[in-house]
Amino acid sequence: MGSPSSSTINPSRPVNDPLPDAPSSERGHLVSLPTKLESQSSCQTIDVYIATIPPKSTSTVLKLVEAAIRDANAVNLQHLRRLVKPEHLPTGLTRLEETRDDFEAAIGPAVSPKLPGNNHDSETNHYRTAAPLAVNDPTEVRQLPVLHYLVCPTSAISSEDLHTLFSSVVPSVGIHVEPYLRIMPVPLYPPSSEKQAKDWSQVYWPTVYKGGNPFGPHPALVAGALQDVLSRAGRCMSLARRAGKEVSIAAVGEPIGAIVVDRSGDEGASVVAVAGDARWHHVDKHEEQGNGNVTAHAVMRAIGMVARKRRAALRRGLAAERDSDESDLDADRPLTPLESDAYTTSTMASDGYLCLDLELYITHEPCVMCSMAILHSRFARVIFGQRMLRTGGLTAVSQDTSSSGMDNNDHGLGYGLFWRQELNWRHLAWQWVADDDWQPLTSSQDVHV
């Protein structure tokens, strides 16, 4: 890889074309970022009553519950199967069926099933049980076919009142066995994908995926964009790393780089802006213990370069823009050969709006300030490399850091700013994970990118 003074590149060409003296493409894969709502919905459960009933009494029991429990459907649980055959129960819940054949279980307190990930007692994990209802003839219990009926949330009725309600149905169905009652946790929110529905069905309760994603981008949209981004992500991340190294060698900023890609050209996707971090540019040595110029983060500079190039197209060209009387302290001016090549050789439409439909590749997860700047600039897609647990603003999911030597409280800020319902713009986001064991350009998690 050449030094800053010798680097030569023509980013105006499509990013997948061979370029002179260009870095080799990284090999890796993309990890889709769950949204804030997806991460919240994936771990929230609600306690419900599960009754074991004979199939012949199903209609009677359902009508009874609908008439007697006013709030039975107050919580939307349409993503869960209401009636489940024993063979369709999750592996961890098959003991609901097994205890039916156990006389002692039929007359005494039931044992709560232990599902994957439960290391505590049932009360701590909300896997508590209600006392089983009376069984007049255990032999008949073993012989009868059954269905497992998800009745309603436990907040809708007390277990005692539900016991009384179910006891009243026994004479009307002509049998002498009362329904067997349990309390189990089930997912409160609908699944956001087929995979999540399958996982929940294996752990909690049979779950139905009805398409779409109520908590984030549609899976079809993500899948299509993923294949498109993957075709150039390795190349763009290599360029971003190179941009970061150049500013670091020049001692103007941290080794952080950003690449802006325009997909609207006739020749395919092309790099229209390259920016490295420049927080220490024109900063006195005695001030370098602070945060430097926060407006010169790589993302802010890349956005500024796009804006400057759009303005230049409206004036008399780039030469006039360069000769303007604006201060050389402006962070959106190119500082390295790589930045200059991208700035002077690639063109942008003057009628474009901000960074609408552009892609951003950055070596590190952007800080909260830059994450919001990305939103306001209307980027369509953002791909970052190293996750910044203490300062990053894009990711919503916590990360276990127990084995990394970091403080146990460093699980990530969890803002998920790329897709929030309360914000007026949303974009797709991925983390790029290189196949090779790349050394992080920035080792400190305290750096605001």
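For the reader, a short list of remarks on this structure follows.
- Taking the Kirkwood radius as Rh and the Cα radius of gyration as Rg, segment 215-318 has a ratio of Rg/Rh equal to 1.07.
- The order of the peptides 191-197, 237-243, 294-300, 361-367 by mean Cβ neighbours within 10 Å, most packed first, is 361-367, 237-243, 294-300, 191-197.
- With one equal scatterer per alpha carbon and no solvent term, the Debye-computed log10 I(q)/I(0) for segment 243-282 at 0.30 1/Å reads -0.86.
- The residues L417, L423, when put in order of fewest to most other Cβ atoms within 10 Å, stand as L423, L417.
FYI, it's all coordinate maths here, none of it is from the lab. Keep in mind it's a predicted model, so treat the numbers as computed, not measured. Positions of Cβ are generated from backbone atoms using ideal geometry, with glycine treated the same way; all protein chains shown enter the neighbour counts.
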